[in-house]
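Structure record follows, encoded as structure tokens.
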Amino acid sequence: MSTDRREGAALLCVPFAGAGPSFFHPWREPAGDRWRVVPVALPGREKRFLETPYRNVVEAAKNSVDDIVAELGAGTRTVLFGHSLGAVLAYELVHLLSTRDVQVELLVVSGSPGPWTRRERRATGLPDEEFLSRVEEFAGFRHEALDHPEMRELILPVLQADCEMHENYVPSTDEPVSVPICSLRGESDGLVTAEEARQWRDATTAGEFTYKEFPGDHMYLVDRAAEVLDVIESRSTHHP
């Protein structure tokens, strides 16, 4: 596919629980001239760390969409990518962006069951240490910043709010989106099964659903940005 096809296109990246926009900064180099990487900045982290984090996915999407549209620019061809919590938040954003002058051409969801499936084992409401142990179990890794008291004090409330809004998520509508969906998963993900990751097939009316697995666990994407971007490109430029 020619560079001209992708000129002006954006890859809108929605962070997972506890993460901020900087997670996606390393994606800019492998994205090259294929997309302009646009990370979503949510309250409670990085430059917005003084703001109160959201505890409801639908509210977060509705309150973020104006800033996102302004940053994308009118008429911009856009691919949405979201991992875990970011997947359901991206799903809500697709519904909202479809009513704006933004050309959403693909939704890429990663490490997530379909939007109507609730997680059975939860972390919300547990005491701090149990909460962190449960999140570590879910994600398959522990963020090293949590071992530093000052950083932990900043990160823990955001992580708790993010987990609460993810675990309590109920879609704003039962209507599927009208754009193609690509679902990605780490092949040894202990949190999301392959069957659950394929549930996203029912979340689109576009007639185009693809599924891809990568070596690794729930957080496979930490080390596989280039491969993820290559798959996104192959799906976003594919026409049956």
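With angles folded into 0 to 90 degrees, how steeply does helix 225-236 sit against the dominant principal axis of the chain? Use alpha carbons for both and round to 10. That works out to roughly 40 degrees. With N as its number of residues, the range 111-151 has a Cα radius of gyration that, divided by 2.2 N^0.38 Å, comes to 1.37.
May I ask you to give the average projected area over all directions of the convex hull of the Cα atoms of the range 1-102, in nm² rounded to one decimal? If you can, show how the numbers build up before the last one.
Numbers: hull surface 25.7 nm².
If I average the Cα hull's projected area over directions, I get 6.4 nm².
Hydrodynamic radius of the range 62-199 by the Kirkwood approach over all distinct alpha-carbon pairs: 16.4 Å. The protection proxy used here, the mean number of other Cβ atoms lying within 10 Å of each residue, ranks peptides 87-99, 188-200 as follows, highest first: 87-99, 188-200. Counting neighbouring Cβ atoms within 10 Å and putting the fewest first, the residues V57, V170 line up as V170, V57. For the range 70-138, the share of alpha carbon pairs falling in successive 5 Å distance bins from zero is 4, 15, 20, 18, 14, 10, 8, 8, 3, 0 percent. The Cα-based radius of gyration of the chain, divided by its Kirkwood radius, gives an Rg/Rh of 0.94. Put the Cα centre of the range 151-177 next to the Cα centre of the range 187-240 and the gap is 21 Å.
Distance from the Cα centroid of the range 85-137 to that of the range 57-71 is 15 Å (rounded to whole angstrom).
Net charge within 12 Å of A70 by Cβ-Cβ distance, Lys/Arg positive one each and Asp/Glu negative one each, not counting A70 itself?
-3
Residues in the range 145-154 carry Karplus couplings, in order, of 5, 5, 8, 10, x, 5, 5, 4, 4, 7 Hz; the curve used is 6.51 cos²θ - 1.76 cosθ + 1.60 with θ = phi - 60°, and Gly or Pro positions show x.
Counting pairwise Cα distances across the range 144-240, what percent come out greater than 15 angstrom? Percentage above 15 Å: 73.
Where a number appears in this text, it was derived from the coordinates with a stated rule and is not lab data. Owing to the predicted nature of the structure, the values given are computational and were not obtained by experimental measurement. So basically every Cβ, Gly included, is an ideal-geometry build from the backbone, and we count neighbours across all protein chains shown.
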